[in-house]
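Note sheet for the following structure.
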Amino acid sequence: MDRKELQNRAKKFHIDVIRLCAYFPRNTAGFETAKQLIRAAGSVGANYRATVRTKSAADFLYKIEVVLEEADESHYWLEVVKEAELKTGIEVDRLIKEANELTAIFAATDKSKIRNK
């Protein structure tokens, strides 16, 4: 997968999370969880996109580590959504799988860049 495809995949993940959150309960738990999840998922795409404009290898590594952290946080919040039954079903399971895959991709990128320092 090339950089552009991964950028699009990260953006699609964010959009899919926004759409999922529209169906959360209209209560404090639903609003606060949606806020945290949307923020984390958006940060994955936005910060990965920003890696294109890094000024150095160290800057790239820093941004990839932020992306990795936010992908993992998105995974956490999606698990909370499922376990708290704010929303259940195939779409939640698909997004959990996608968050896990994105986390793995960015972890591999991070490890590769650290080794090549």
Checklist entry - Restricting attention to the stretch 68-93, which residues are part of a helix (DSSP H, G or I) and either of a type in the set (Ser, Thr, Tyr) or touching a residue at least 40 places away in the same chain (Cβ under 8 Å) (or both)? => result Leu68, Ser74, Tyr76, Trp77, Leu78, Val80, Val81, Glu91, Val92
Checklist entry - Counting only residues that are surrounded by fewer than 17 Cβ atoms within 10 Å (Cβ to Cβ) and aromatic (Phe, Trp, Tyr), which one in the stretch 60-82 is farthest from Phe13 (Cα to Cα)? => result Tyr62
Next on the checklist: Condition (residue is over 24 Å from Glu85 (Cα atoms), surrounded by fewer than 19 Cβ atoms within 10 Å (Cβ to Cβ) and basic (Lys, Arg)) applied to the stretch 26-41: is it met by at least one residue?
Outcome noted: no
Checklist outcome for this item: Inside the stretch 34-67, the number of residues satisfying the requirement of being in contact with a Leu (Cβ under 9 Å, 6 or more places away or on another chain), closer than 19 Å to Lys4 by Cα and modelled with pLDDT of 95 or more is 4
Checklist entry - Can you pull out the residues in the stretch 8-23 that are over 12 Å from Ala99 (Cβ atoms) and either touching an Asp or Glu at 6+ places or on another chain (Cβ under 7 Å) or buried (at least 19 other Cβ atoms within 10 Å of the Cβ) (or both)? => result Cys21
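The values are calculated or read from the model by the stated rules, or taken from the named source; none is laboratory data. It should be emphasised that the depicted structure is a prediction, and the values quoted were computed from it without experimental measurement. When we count neighbours, we look across all protein chains shown, and the Cβ atoms used for this are built from the backbone with ideal geometry, even at glycine.
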